[in-house]
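Just so it is clear, none of the values below were taken in a lab; they were calculated from the coordinates. Note that this is a predicted model, so its numbers are computed, not measured. Heads up, the Cβs are rebuilt from the backbone with ideal geometry, glycines too, and the neighbour counts pull from every protein chain shown.
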């Protein structure tokens, strides 16, 4: 099953309204939104749990407060949670105000986030 296109459209509308410099990139069995060439957030379908997830890069400072919010869980692909990233289940972002709050946390952290190193293309 693919990621939730409706949630992806909600994210697009929010980023356009905030005049964020973003583009989309398919990854992690979903769609990632890159802001200023840095991973910001995304939508992902978890095959094990059979649910859609919002992936949010919010930084370590906001993490401790965020992890207590409804539907928020550590982002864990490999058995080790990724620092500064969370997954949010649909009950944590169904309302527009909830989704906007998560996306604003992502956009607030984005200027401090480090961009990944560009890979050299093989000839």
Restricting the search to region 6-31, which residues are free of Cβ contacts under 8 Å to residues at least 60 places away in the same chain and closer than 11 Å to residue 45 by Cβ?
28, 29, 30, 31
Residues 64, 97, 68: which one is over 16 Å from residue 14 (Cβ atoms) and assigned to a helix (DSSP H, G or I)?
64
